[in-house]
1. Taking helices (runs of 4 or more DSSP H) that do not extend beyond the stretch 48-116, which have at least 3 residues that are within 15 Å of His144 (Cβ to Cβ)?
2. Of everything in the stretch 27-70, what is hydroxyl-bearing (Ser, Thr, Tyr) and touching a residue at least 60 places away in the same chain (Cβ under 8 Å)? Give them in sequence order.
3. I need the full set of residues from the stretch 80-106 which are buried (at least 16 other Cβ atoms within 10 Å of the Cβ) and either hydrophobic (A, V, I, L, M, F, W, C) or without any contact (Cβ under 8 Å) to a residue 40 or more places away in the chain (or both), in order please.
4. Do we find a residue being within 20 Å of Ala76 (Cβ to Cβ), in contact with a Phe, Trp or Tyr (Cβ under 7 Å, 6 or more places away or on another chain), at pLDDT below 85 and not aliphatic (A, V, I, L, M) anywhere in the stretch 103-125?
5. Got a sec? Which of Leu57, Leu72, Leu48, Leu43 is open to solvent by less than 50 Å² (accessible area, probe 1.4 Å) and under 29 Å from Lys139 (Cα atoms)?
Amino acid sequence: MDPLAQLSDIHLPADIHSYPIAPGWWVLAGVCLALLIYGALKLRRSILKNKAKKAALKQLSSTTEVGAIIALLKWAALQYFPRQQVANLTGSNFKTFLVASLPIKHQQKFSELSGEHFTQVYHHEAASKTSAELSAATKLWLSHALPPIPESPAVVESPALTKNASSPSADIDSEVTTKEKRLEQTDENNGVKP
């Protein structure tokens with residue numbers, strides 16, 4: 001007898017189903033989903049940050065008057081910097097703020113391009129002048145200073161901007177000395193010797 005004739009056919013095992021998925025795949029899917037959500041949020045934040053910058057650059061292309069360009073710079077600065085830091089700046093103080101908010105490598109070029117336009121804008125004869133140089137300086141500032149980096153010198157108050165501002169303790173000290181002077185004057189008027 002032939003030993004091979006006694007062999008029966010090979011039976012294949014049942015197919016292995018893909019469910020339940022191994023825990024490693026669930027972890028990988030969760031990490032991928034988290035990265036996708038994080039990327040979407042960062043993209044949205046970036047778009048929102050640059051929205052005012054893009055609007056200002058678009059407006060700059062249709063603006064030619066010096067006064068309108070400076071007003072556009074002020075509007076853009078108010079979109080990104082604290083109102084109490086920017087709103088009261090005019091003329092050379094505003095120019096100093098703009099220069100301080102730029103990266104160091106662009107500060108000299110901005111100063112050269114902007115020239116004396118920040119101080120001359122309030123003169124009647126210079127109010128309607130057009131300037132390609134100021135427009136180029138504005139484009140440079142909008143492109144390189146916005147959105148601001150938190151470590152930027154303009155975000156931290158600069159000495160040129162704080163000379164008009166005083167601390168609350170200085171205000172209290174000056175108020176106390178003023179009251180003391182009034183009391184001394186009153187005493188002198190009444191004939192009381194200190």
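1. 66-80, 91-101, 104-114
2. Matches in the stretch 27-70: Thr63, Thr64.
3. Across the stretch 80-106, the qualifying residues are Phe81, Val86, Leu89, Phe94, Lys95, Phe97, Leu98, Val99, Ala100, Leu102, His106.
4. For the stretch 103-125, residues within 20 Å of Ala76 (Cβ to Cβ), in contact with a Phe, Trp or Tyr (Cβ under 7 Å, 6 or more places away or on another chain), at pLDDT below 85 and not aliphatic (A, V, I, L, M): present.
5. Details: Leu57 fails: open to solvent by less than 50 Å² (accessible area, probe 1.4 Å); Leu48 fails: open to solvent by less than 50 Å² (accessible area, probe 1.4 Å); Leu43 fails: open to solvent by less than 50 Å² (accessible area, probe 1.4 Å).
Result: Leu72 is the single residue among Leu57, Leu72, Leu48, Leu43 that is open to solvent by less than 50 Å² (accessible area, probe 1.4 Å) and under 29 Å from Lys139 (Cα atoms).
The values are calculated or read from the model by the stated rules, or taken from the named source; none is laboratory data. Note that the structure is a prediction, hence the values are computed from the model and not measured. Heads up, the Cβs are rebuilt from the backbone with ideal geometry, glycines too, and the neighbour counts pull from every protein chain shown. When the accessible area is computed, the model is the full protein with side chains, heavy atoms only, and any ligands, DNA or RNA have been set aside. Shrake-Rupley method; radii C 1.70, N 1.55, O 1.52, S 1.80 Å.
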